[in-house]
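Q: Encoded as structure tokens, here's the structure I'll be asking about.
The values are calculated or read from the model by the stated rules, or taken from the named source; none is laboratory data. Computed from a predicted structure; not experimentally measured. Ligands, DNA and RNA are stripped out before the accessible areas are found, and what is left, the full protein with its side chains, is counted by its heavy atoms. Shrake-Rupley method; radii C 1.70, N 1.55, O 1.52, S 1.80 Å.
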Amino acid sequence: MRIARWSAEHPWRAIGAWLVFVAICVGAGQLTGTKQADFDDNPKGELATYQSIVDEAGFTRPATENVLISARDGALDQAEATAAANDVRAAMGRLREVGDVSEPVPSPKGTAVLVNVELAGDPDTAEDRVDRLLDTTADVQQRHPDLLVEQVGGASLDKALSATLGEDFQKAELISIPVTLVIMLVVFGALIAAGVPVLLAMSAVGAALGLSALASHLIPATDNTASMILLIGMAVGVDYSLFYVRRDREERAKGAGHVDAVEIAAATSGHAIVVSGIAVTVAMAGMFVVNDVVFSSIAVGTILVVLAAMIGSITVLPALLAKLGRWVDKPRIPFLWRLSMRDNAGTSKFWGAVLRPSLRRPKTTLVVGVGLLAALAVPAFGMTLNAPSEADLPRSIPIMRSYDRMTEAFPSTGASHEIAVRVPASAVADGEAAVGRLLDRIADDPGFAHDQPPRVTTVRDGRIHLISAGIPHDGGSAEADQSLERLRSTLLPATIGTVAGAEYAVSGQTAGENDFIESMTGALPWVIGFVLLLTFLVMLWAFRAPVIALSAIGLNLLSAGAAYGLLVLVFQNTWAEGLLGFTSTGGITAWLPVILFVTLFGLSMDYHVFVVSRIREAAGVLSTKDAIAAGITRSAGVVTSAAAVMIGVFSIFATLSTIDMKQMGVGLAAAILIDATLIRAVILPALMTVLGKANWWTPRLLRPRADKVATEETRVLEPVG
């Protein structure tokens, strides 16, 4: 309240300070740049052993690109393919970005020819130098129009995917803003009032993007960090402003002056915003429990944007409202204005009808509502987790179609098992013999690709061997998993494992995916426990009522389970592929359950804190049942509007290119829809009606503080008529 009053009385100072803060954050982020996470950031388990061996080897494989030459139609003309391959070798050899070019290699079935090109310089920056190679490949293609001449490699893949993800981010950003603005126009019926929440959310997102760039030098960022900042920032930024502006308008409609209305909004909605912001921050902090750089970077980004939105809502927003005064309701849109004012008064007949079953037959409504959500959650028990892989990427990206053609013709160029071996100096000869036996076993194993022999690099006077063995299957397939299992459990122990003091480890796509899924499966219970405990403490601190805190946790668990079940129904099956434009991988992206849980749990607190706060306000002067009716009908419009914004923003992510973003968008949008309708408008009032006065039971230890808060809040409240 003191912050709000100061901002209202010194609006230009508050507005100027906020603009300076956002400008400094954005400028600092652009100045320092963003540090992206590397593959070897925060290695764990067997990957840590592998990385230790590679680091000791001091060997860095150069970045490589592959030029695939195949027929457009029919059989490949070998003479023409050879001529094109020689053209590629000559053109690439003239580039200063190129280190070495291999001889043409024909595919086992004679359907293609492959030329391997090594880039000179640091492989970590190869993406910055691959353009000249891509241009050269395009020139060769023009000179040989009857053939397909395609380039595929780590750097070219990264470049194409970065462009696609960047376009997706711009698409989400461009669509989410007008969608949010349209929803706000419907909510407020006035242009300025609709624009204030959108502007505040955008400024919070900008500040958080700049701050996350600074933070990336401590915790490197990933490709999904910026998307999550936009996703969460637009959702909470608009919600917080919406809560505040609607309460300010409500108090002004009762006759309060501009500064008094802002102060009352701060004491009620502002308090709910702070509690909600802390709850969301606590939930997002649960991602740190995973101890993985991907989750840590997302946690940092989302926490920063939530805090930025929360701080802006309780500082610059009061200043804007006080300065604008009644101009905030200009210019009005006639029909929408009348609708918004009627909804603002809490006189909607619709919500009265929705609430009637919960208040008249609360036990029956509670059983039916919980039963429906429990039934929707049942498919979640059959959830299959998939690690992110190239199978998740849409084939609408041209280079992914080239990748498929290359791996079909040359299986060894696709997924591979990366093996690191280290033996003591006294066992070098034994180590070399063991590596030879391992290569013989690999040559006889159908789980490995045999179009090209494994690449073997030996360093440190024969103590360290790095082996890259291709597999003829997709890296995420069951066959690849079986190959990895044989390698880890049989081939390596029977060969390298017989050398005294030898160490070995397997990395690569398949190993990384299996280890990642195992890590996610093990981390999820700890994340859930961490979030539940801290959320309970936050709710207990906010309401001083253990029953309210426990019911909040129970309801959020119910909606999270229903969202998991819906994800399984949609994405582990094929019936929605045409509707959402994806190809089912038969599972859910392994990182999504953690992200979905913490995000849903945090965002659900927006509604729960706001709704329960309004019910508690009314409970000071009304019976429990009447207080529930008054609190929910008065907050229903705001909750519905806030949910509409979130659903609108999240649904945009369901239209993006990658399946993991589609899954996240659908999961969050469905969860918020369930949470804002069935949970908050049906199950919550039924549960609170059944519990009655027990809702507000306060232990003796907490009573003095609870009484004080209730007394302070009651001073600014009017009885509900």
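Q: In terms of solvent-accessible area of protein heavy atoms at a 1.4 angstrom probe, what is the ranking of MET383, MET234, highest value first?
A: Most to least solvent-accessible, the answer reads MET383, MET234.
Q: Once whole DSSP H runs in the chain are found, which of them have Cα atoms spread over 30 Å or more along the helix axis and a mean Kyte-Doolittle score of at least -0.5?
A: Within the chain the helices that satisfy the rule are 11-32, 154-188, 191-215, 225-253, 293-314, 509-543, 546-571, 592-619, 624-653.
Q: Whole angstrom only: what separates the Cα centroid of the range 616-675 from the Cα centroid of the range 412-489?
A: 52
Q: Here's a follow-up. What label, among (i) 56, 28, 23; (ii) 37, 32, 26; (iii) 39, 31, 22, belongs to semi-axes √(5λ) of the Cα gyration tensor in Å computed from the structure on display?
A: (i)
Q: Further question: Taking H placed 1.01 Å from N in the peptide plane, check which residues at least 5 places from GLY508 or on another chain put their amide H under 5 Å from its amide H.
A: Under 5 Å from the amide H of GLY508 lie the amide H atoms of GLU418, each far enough along the sequence or on another chain.
Q: Also: With n ≥ 4 as the cut-off for DSSP H runs, can you work out [θ] at 222 nm for the chain, using -39500 (n - 2.57) per run divided by the number of residues, rounded to the nearest 500?
A: -21000 deg cm²/dmol
Q: From largest accessible area down, sort ASP461, ASP55, ASP329, ASP404; use a 1.4 Å probe on the protein chains.
A: Greatest to least solvent exposure: ASP461, ASP55, ASP404, ASP329.
Q: Whenever you get a sec, compute what percent of the accessible area on the chain sits on carbon and sulfur atoms (1.4 Å probe).
A: Details: 17750 of 29360 Å².
The C+S portion of the solvent-accessible surface of the chain is 60 percent.
Q: Checking the cross-link filter: which lysines have an alpha carbon closer than 29 Å to that of LYS35, excluding same-chain neighbours under 8 positions apart?
A: Qualifying lysines at Cα under 29 Å: LYS44, LYS159, LYS171, LYS662.
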